[in-house]
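Structure record follows, encoded as structure tokens.
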Amino acid sequence: MNLQADDFELFGLTRQFAQDRAALDARWKALQREAHPDKFAAQGAAAQRVAMQWSVRINEAYQRLKEPLKRAAYLCELGGAPVNAHSNTAMPAAFLMQQMEWREALDDANAVPALEALQAEVDASRAQLLQQCASLLDEQHDAVAAVGPVRALMFIEKFTQDLNQRFDQFE
């Protein structure tokens, strides 16, 4: 194993957005077994520290690869187009209008059915953006163009958290 390898290399995967979650999970477990610090107990403290570094590195890579949004952002970065969500918050006007409408619908929702309808709309938008990321990253190999949908997905992820909190208020 190479600590400098990107996450896909580390896991022995093709560098692409589409991934088989079951295969990813199985590979993560295999890598964790291989690098588990207890396996190196007889080799001393230094070997255990190195194994711990490997274990942390494997877990970090797994966290990025298992989540479609994190995986897409990582692929953009590897493709030379970092998302820079903290410093660049510009979004297309139509998307911002959609966000405002969703926020208003969330504020106005006074029953679970209204929240469920909003959630269905948000989920459909999320699915469409994930498909767009798959097309841009895997078929067109255009990391620069994928940055927009990735950033939109980040907004949707935050809104989904707010939506879930609102659901919790009705329980």
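The values are calculated or read from the model by the stated rules, or taken from the named source; none is laboratory data. It should be emphasised that the depicted structure is a prediction, and the values quoted were computed from it without experimental measurement. Cβ sites come from the backbone with ideal geometry, for glycine too, and all protein chains shown count toward neighbours.
Do you know which residues across the stretch 122-147 are surrounded by 20 or more Cβ atoms within 10 Å (Cβ to Cβ), closer than 18 Å to Ala93 by Cα and among the small types (Gly, Ala, Ser)?
Residues of the stretch 122-147 that are surrounded by 20 or more Cβ atoms within 10 Å (Cβ to Cβ), as a first pass: 129, 133, 136-137, 143, 146-147.
With closer than 18 Å to Ala93 by Cα added as a condition, the list becomes 129, 146-147.
Of everything in the stretch 122-147, just one residue is surrounded by 20 or more Cβ atoms within 10 Å (Cβ to Cβ), closer than 18 Å to Ala93 by Cα and among the small types (Gly, Ala, Ser), namely Ala146.
Being more than 30 Å from Phe11 (Cα to Cα) and hydrophobic (A, V, I, L, M, F, W, C) narrows it down to one of Val112, Val144, Val150, Val83, so name that one.
Selected residue: Val112, the only one of Val112, Val144, Val150, Val83 that is more than 30 Å from Phe11 (Cα to Cα) and hydrophobic (A, V, I, L, M, F, W, C).
Kindly indicate whether Val83 is of a type in the set (A, V, I, L, M, F, W, C) and in contact (Cβ under 8 Å) with a residue 12 or more places away in the chain.
Judged against the criteria, Val83 is a match.
Does Asp20 satisfy being within 22 Å of Arg71 (Cβ to Cβ), under 26 Å from the mean Cα position of the chain (by Cα) and touching a residue at least 40 places away in the same chain (Cβ under 8 Å)?
Judged against the criteria, Asp20 is not a match.
When the residues of the stretch 1-54 are filtered to those that are among the hydrophobic types (A, V, I, L, M, F, W, C) and assigned to a loop (DSSP other than H, G, I, E, B), which remaining residue is surrounded by the fewest Cβ atoms within 10 Å (Cβ to Cβ)? Full working, then the answer.
The initial filter retains those residues of the stretch 1-54 that are among the hydrophobic types (A, V, I, L, M, F, W, C), namely 1, 3, 5, 8, 10-11, 13, 17-18, 22-24, 26, 28, 30-31, 35, 40-42, 45-47, 50-52, 54.
Now restrict to residues that are assigned to a loop (DSSP other than H, G, I, E, B): 1, 3, 5, 13, 17-18.
On the way: Met1: 11, Leu3: 9, Ala5: 13, Leu13: 17, Phe17: 18, Ala18: 12.
Among residues in the stretch 1-54 that are among the hydrophobic types (A, V, I, L, M, F, W, C) and assigned to a loop (DSSP other than H, G, I, E, B), the one surrounded by the fewest Cβ atoms within 10 Å (Cβ to Cβ) is Leu3.
I'm trying to understand the selection: among the residues of the stretch 117-141, which are under 18 Å from Gly79 (Cα atoms) and either among the hydrophobic types (A, V, I, L, M, F, W, C) or not in a helix (DSSP H, G or I) (or both)?
Scanning the stretch 117-141 gives Leu130, Cys133, Ala134, Leu136, Leu137, Gln140, His141.
Condition check: in contact with a Leu (Cβ under 9 Å, 6 or more places away or on another chain), surrounded by 18 or more Cβ atoms within 10 Å (Cβ to Cβ), farther than 21 Å from Lys66 by Cβ and not aliphatic (A, V, I, L, M). Does Phe159 satisfy that? Steps first, answer last, please.
Details: in contact with a Leu (Cβ under 9 Å, 6 or more places away or on another chain): yes; surrounded by 18 or more Cβ atoms within 10 Å (Cβ to Cβ): yes; farther than 21 Å from Lys66 by Cβ: yes; not aliphatic (A, V, I, L, M): yes.
In short, yes.
Identify, by number, the condition in (1) small (Gly, Ala, Ser); (2) outside any helix (DSSP H, G or I); (3) over 24 Å from Glu139 (Cβ atoms); (4) at pLDDT 95 or above that Ala90 doesn't meet.
Of everything listed in (1) small (Gly, Ala, Ser); (2) outside any helix (DSSP H, G or I); (3) over 24 Å from Glu139 (Cβ atoms); (4) at pLDDT 95 or above, Ala90 misses just condition (4).
So which of Ala152, Ala114, Ala105, Ala146 is without any contact (Cβ under 8 Å) to a residue 24 or more places away in the chain, part of a helix (DSSP H, G or I), of a type in the set (A, V, I, L, M, F, W, C) and touching a helix residue (DSSP H, G or I) at 6+ places or on another chain (Cβ under 7 Å)?
Being without any contact (Cβ under 8 Å) to a residue 24 or more places away in the chain, part of a helix (DSSP H, G or I), of a type in the set (A, V, I, L, M, F, W, C) and touching a helix residue (DSSP H, G or I) at 6+ places or on another chain (Cβ under 7 Å) holds for just one of Ala152, Ala114, Ala105, Ala146, which is Ala105.
Taking the condition of being surrounded by 14 or more Cβ atoms within 10 Å (Cβ to Cβ), without any contact (Cβ under 8 Å) to a residue 60 or more places away in the chain and within 10 Å of the chain's Cα centre (by Cα), how many residues in the stretch 55-80 meet it?
5
When the residues of the stretch 98-122 are filtered to those that are among the acidic types (Asp, Glu) and over 26 Å from the mean Cα position of the chain (by Cα), which remaining residue is nearest to Ala152 (Cα to Cα)?
Looking at the filtered set, the residue picked out is Glu104.
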